[in-house]
Amino acid sequence: MDLLLRDTLSGRVQAVQHRRGRPVSLYVCGPTVYDGAHVGHARTYLFFDLIRRHLEAEGVGVRHVMNVTNFEDKIDVRAAELGLSWRSLALREEASFLRDLRALRILAPHYRPRASAYVRQMTEVARRLAKTGRVHRHGDTWLYTPPPRAPGVNFPTGAELALHAVDEPGHPFNVADNSAGEFLVWKLQEPPRPSWPGPWGRGTPGWHLECYAMAHDLLGVPVDVHGGGLDLIFPHHYSENEVALALDRRPFARLFVHPSLVLWAGSKMSKSRGNLVPLRSALRDVGPDALRWYLIGRPKTERLNWTPIGLHRAASEWRRIRRTVRSWLRPGAGGHVGALRAAEVAAAVRRDMAADLATDRVFDHLRGLAAAIDADPSGHVPTGDGRGARVAIRDVERRTGLVFGADAARP
């Protein structure tokens, strides 16, 4: 069954392309490691986790890359505040971030390249962009100015920019002077801040060159599926796409996917606003399954307004459903909800996961199964149906990442 995803760039729902003998290439923008993971990060990575889980459950190979941005201005500022080198802080926060993703049972990428290991390739990208004649100096920086593009070739700037950009305090976007599409290629900079030899002197390549260099090396461009948080559309994914269009004459990706944001009191979670919910705290509070149930219970295109009450309601619901299903999987005499019903639920989960990750409908199927079990006086799988029921529930586990304990419920 093809996996259909809504492409953020075109707005169309498209099938993920997979070719015989070749894995689907999945490039997910990873963290800038200057502080801990929060639940907004978690929701983004959970939806990409579902993409990979569904494809692999369908027998489709996946080659999954997630980068780690380990040098950037935010890292420098934070390191100076703590009296650390940028490398020490980045290594510490990278380890912490990855530990939290593992605790949420998000599948580890096959490749996790660090930006500092790709400086040579990023510098070469900067040189190639300079040869287009569209790079100009502005103080201690060199900027690339993209050419005009036909509608639909890249994410729009101009008057439509606000549809895609997330304006954060201290990082406004400006459309008034028509410079919104320019992006950094090189910045002069000296140690102890990150600094390498480059075409215009010692400094650092621009952030937007990082993912292009890595994807080109590890996956090839265009990648099949690319994405990250909604706030990365502009300027990051716009700029990556411009690099690919300039140097390869093709887009960065065949499909762009951007799960929507987690909000607190109507605002995007961000360190600058001081409204973050640390992922580690949420995991300690309710555990990985309940947190997964809460974060992906709404469609990926809908924003989730985080509330402690909402989290604990979701956790209570998940625990009740898990307890019901796990108890039901222990065979007993006279039960009426059997392997056939479980197989129907698994088929419905498969179908709705393939329909742009319709997790709200997926969870409704699981609620319906639990309600049917609760209504059955026996509350157990009929004798002889246990194996078939466990097979169906294991398929649901494999696609959703939720753990009902199908194997633990063996007699």
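Annotations
- Lysine pairs in the chain with Cα atoms under 23 Å, if 8 or more residues apart or on separate chains: 6
- Size of electric dipole in the range 340-411: Cβ of Lys, Arg +1 and of Asp, Glu -1, about Cα centre, debye, nearest 20: 260 debye
- Under a model in which nothing but the beta-carbon of Lys, Arg (+1) and Asp, Glu (-1) is charged, the chain shows a dipole of about 1020 debye around its Cα centre.
- In this Cβ point-charge picture (+1 for Lys and Arg, -1 for Asp and Glu), the range 25-79 has a dipole of about 120 debye about its Cα centre.
- Given 16 as the ceiling on other Cβ atoms within 10 Å, longest exposed-site-free region of the chain for GluC sites (Glu not before Pro) in DSSP loops: 59-301
- Signed unit charges on C-beta, dipole axis of the range 261-390, positive-most listed residue 340, 281, 301: 281
- Positive dipole terminus of the range 248-393, leading residue within 380, 392, 331 (C-beta point charges): 392
- The residue list 116, 181, 363 was ranked by how far each Cα lies along the charge dipole of the chain toward its positive end, using unit charges on Cβ atoms, and 363 comes out on top.
- Simple spin-label estimate for residue 267 and residue 340 in nanometres, 7 Å along Cα-Cβ: 5.6 nm
- Here the simple spin-label model places points 7 Å from the Cα toward Cβ, and for residue 313 and residue 394 these points are separated by 3.6 nm.
- Heavy-atom surface analysis with a 1.4 Å probe gives the range 310-390 a carbon and sulfur content of 50 percent of its accessible area.
The values are calculated or read from the model by the stated rules, or taken from the named source; none is laboratory data. Being a predicted model, the structure only gives us computed values, none of them experimental. Note that we place each Cβ from the backbone using ideal geometry, even for glycine, and neighbour counts take in every protein chain shown. These area figures cover heavy atoms from the full protein model, side chains too; ligands, DNA and RNA do not enter into them. Shrake-Rupley method; radii C 1.70, N 1.55, O 1.52, S 1.80 Å.
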